[in-house]
Amino acid sequence: MTALTTERPEPAEPEPRPTDTIEPARGWSFPARFGLRFALAFLIPLNFDAFFSFLPYVGDYIYLVWSPFADRFFPLLTRTFFHIGPSSARSGSGDTAYNYAQIAVYAGLALVIATIWSLIDRRRMTYPRTLEVLRVCARLVLAEAMITYGASKVVPAQFTVPSTRHT
């Protein structure tokens with residue numbers, strides 16, 4: 001080709017990228033699908049009132065509806081399965097035997113929900129939108145825990161202001 005010709009060379013075939021050579025995924029394994037179902041069935045009820053507590057009016061309404069149910073249902077299950085009832089002295093720390101039994105009840109219910117969900121929805125092989133919902137829920141739970149924990153350290157509510165006096 002000379003400088004006076006207007007012919008353009010034919011473009012070369014583009015080289016395949018590594019992502020072009022990989023076969024599309026055929027679906028998730030059963031443990032991955034069941035794990036997603038279990039995680040969602042565990043995380044949402046466990047933090048149900050916390051998800052909505054920040055919304056004006058809605059949070060108050062959800063608490064009024066959810067609280068009587070939770071205050072009767074979970075003590076009944078923890079007494080039935082673990083022989084542990086709620087203590088009259090609430091520490092607020094969340095590390096009592098009753099709190100651990102309550103988490104076990106949530107996990108048991110999530111196992112039942114995930115099993116039923118797996119039986120009903122056997123044909124679906126992937127859950128991209130449900131995975132995104134789980135990610136958002138996990139991020140909200142983590143953010144709420146970190147912000148409230150950090151705020152209780154910054155605001156002098158948990159610890160007293162240090163004094164310079166020696167006692």
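The set of residues in the stretch 15-41 being part of a loop (DSSP other than H, G, I, E, B) and at pLDDT below 70 consists of GLU15, PRO16, ARG17, ILE22, GLU23, PRO24, ALA25. SER118 passes every criterion in (1) assigned to a helix (DSSP H, G or I); (2) exposed (fewer than 14 other Cβ atoms within 10 Å of the Cβ); (3) over 15 Å from the mean Cα position of the chain (by Cα) apart from (2). Note on the stretch 126-147: residues that are assigned to a helix (DSSP H, G or I) and surrounded by 11 or more Cβ atoms within 10 Å (Cβ to Cβ) total 10. Among the residues in the stretch 115-124, are any of a type in the set (A, V, I, L, M) and either more than 30 Å from PRO31 (Cβ to Cβ) or in contact (Cβ under 8 Å) with a residue 12 or more places away in the chain (or both)? Within the stretch 115-124, not a single residue is of a type in the set (A, V, I, L, M) and either more than 30 Å from PRO31 (Cβ to Cβ) or in contact (Cβ under 8 Å) with a residue 12 or more places away in the chain (or both). Does the stretch 61-76 contain any residue that is β-branched (Val, Ile, Thr), out of contact with any His (no Cβ under 8 Å at 6 or more places or on another chain), closer than 17 Å to LEU43 by Cβ and not in a loop (DSSP other than H, G, I, E, B)? For the stretch 61-76, residues β-branched (Val, Ile, Thr), out of contact with any His (no Cβ under 8 Å at 6 or more places or on another chain), closer than 17 Å to LEU43 by Cβ and not in a loop (DSSP other than H, G, I, E, B): present.
The values are calculated or read from the model by the stated rules, or taken from the named source; none is laboratory data. Bear in mind that the values here come from a model prediction, so they are computed numbers and not experimental data. As a convention, Cβ positions derive from the backbone with ideal geometry for all residues, glycine included, and neighbour counts pool all protein chains shown.
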